[in-house]
1. I'm trying to understand the selection: among the residues of the range 327-343, which are part of a loop (DSSP other than H, G, I, E, B) and surrounded by 17 or more Cβ atoms within 10 Å (Cβ to Cβ)?
2. Kindly check whether there is at least one residue in the range 49-69 that is outside the structural domain of residue 174 (by TED's automatic domain parsing), under 19 Å from residue 343 (Cα atoms), in contact (Cβ under 8 Å) with a residue 60 or more places away in the chain and not aromatic (Phe, Trp, Tyr).
3. Within the set of pairs 6 or more residues apart or between chains, which connect a residue that is within 10 Å of residue 417 (Cα to Cα) inside the range 367-380 to a residue that is among the charged types (D, E, K, R) with Cβ atoms less than 6 Å apart?
4. Quick one: count up the residues across the range 10-33 that are in a loop (DSSP other than H, G, I, E, B) and either surrounded by fewer than 16 Cβ atoms within 10 Å (Cβ to Cβ) or among the basic types (Lys, Arg) (or both).
5. What number goes with the only condition from (1) under 27 Å from residue 46 (Cβ atoms); (2) in a helix (DSSP H, G or I) that residue 119 does not pass?
6. Please find, among 419, 423, the residue that is more than 30 Å from residue 74 (Cα to Cα) and more than 26 Å from the chain's Cα centre (by Cα).
7. Condition test on residue 382, is it at positive phi and either buried (at least 23 other Cβ atoms within 10 Å of the Cβ) or not assigned by TED's automatic domain parsing to the domain that holds residue 303 (or both)?
8. So which residues in the range 34-48 are crowded, with 19+ Cβ neighbours inside 10 Å and outside any loop (DSSP other than H, G, I, E, B), if there are any at all?
Amino acid sequence: MRFSFMGKHEGSHPEENKSRTSKLPIVDASVPKIMVFPVSMHIGAPAKPVVEIGDKVKAGEMIAEAGGFVSAHVYSSVSGEVIGIEKRPTTKGETDCIIVKNDYEYTKADPIVEPGRSQEMSSEEIIDTVRKAGIVGMGGATFPTSVKLSPPPGATIDTVIINGAECEPYSTSDHRVMVEYADEIVSGINIVRRLFPKLRQIYIGIEDNKPNAIKALEKATEEFSDITVRPLKTMYPQGSEKNLIKNLTGREVPPGGLPAEVRCMVMNNSSVRAVYRACEYGEPLIERIVSVSGTPIKEPKNLRVKIGTPMDSLIEDCGGFSEVPGKVLSGGPMMGQAVSDLGIPIIKGTTAVTVLTPEEANQGETHDCIMCSECINVCPVSLQPILISDAYERGNIDKAKELGAMDCIECGNCSFICPSKIPLLDNIRAAKAAIQAQKEG
């Protein structure tokens, strides 16, 4: 039997499910008594605790120091007492965490830099401030921003792209940041631009299902001729770095390559806002916006959350569950990770908490591949997900690596589209972990 390939479409169109929160303004989340701070909230080496049990800490005080060049500081978001340094469940499994008992006084630590000097900072001072602030990619990638802002020697950046696509279903946290803090995003852009002397163009890419965000940023950028707000077709995963670069510039990042290789640098809109807050006010990254949604949630909300807040506290802020949930995700249904413990903390890269009904969570029975090639058609980075998955299941990790497993951006399109319900993304994630373990071993 012969099978024909359908046209390459490099994306899918899952239900958006954003209407319950897209128009809701950001409100403050409650802050519980016990806060949990994983020392690894980022890609790279875990941070190293610089406090001990019994220490008193202030809000905005460093409690763990970056463990290497690719790493990030961790700060307490509350004042109180360190009552534990132990392993706790997180989205990365059991991870070392610093436990702080909130005293509800919110005594503030000194700013990380003198406030009000953002316009005077040199390039070195800007990058050092971003490093001090512990800022990472807040769209979920969690790559340390100070490293991203320091391209390899010899690299020339002529295009900066601000990622406001937010293509993940249910999630509206970045949407609300763009609507409510457009001026701060633009102020952050104008700080970042000073790092790249050969910069020619700045794009802000926003999916066209967010007209109020597009309008807010068009207004905020009126006086800057080199900043272009570019509406993008609503398609998943429109917000992946390589997709954005190709769609906005026509350039293609080579397999295994980085945006800097095609003279681009991509930042999430919340990350660039955090750069502004750090440089202008001396604020480390201790809070973020999180959308909490899904059919079983009684009152979905966009919440301003102190990092370290356990997930169950956010669900309580939303009135709890109106029905028994089938699955709770840190993130959205495409890229998010299912959690079995609602005590896991919100970290720097947590964009959303999504709750699915049992029917939505039920993927159905897995069947043999029918060779439809749809997983190949929807892969935005032109991989062959079924072959990588098969290689992993056969234990052939070298073959999975040869097929490009490490280039997978973990968008979840392949699992979403697969009519046989094969857990392609889970298998590819496991293959990537095995490849990484081989490398480290």
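The values are calculated or read from the model by the stated rules, or taken from the named source; none is laboratory data. The structure presented is a predicted model; accordingly, all values stated were derived computationally and were not measured. Here the Cβ positions follow ideal geometry from the backbone for every residue, glycine too, while neighbour counts run over all protein chains shown.
1. First, the residues of the range 327-343 that are part of a loop (DSSP other than H, G, I, E, B): 331-336, 340-343.
Within the range 327-343, 331, 332, 333, 334, 335, 336 qualify.
2. no
3. From the range 367-380, the pairs are 377/8.
4. First, the residues of the range 10-33 that are in a loop (DSSP other than H, G, I, E, B): 10-11, 13-25, 29-33.
In the following step, the residues that additionally are either surrounded by fewer than 16 Cβ atoms within 10 Å (Cβ to Cβ) or among the basic types (Lys, Arg) (or both) were identified as 13, 15, 18-20, 23, 25, 30, 33.
Here the count works out to 9.
5. (1)
6. Values: 423 fails: more than 26 Å from the chain's Cα centre (by Cα).
The unique qualifying residue is 419.
7. Working: at positive phi: yes; either buried (at least 23 other Cβ atoms within 10 Å of the Cβ) or not assigned by TED's automatic domain parsing to the domain that holds residue 303 (or both): yes.
So residue 382 passes the test.
8. Across the range 34-48, the qualifying residues are 35, 36, 37, 38.
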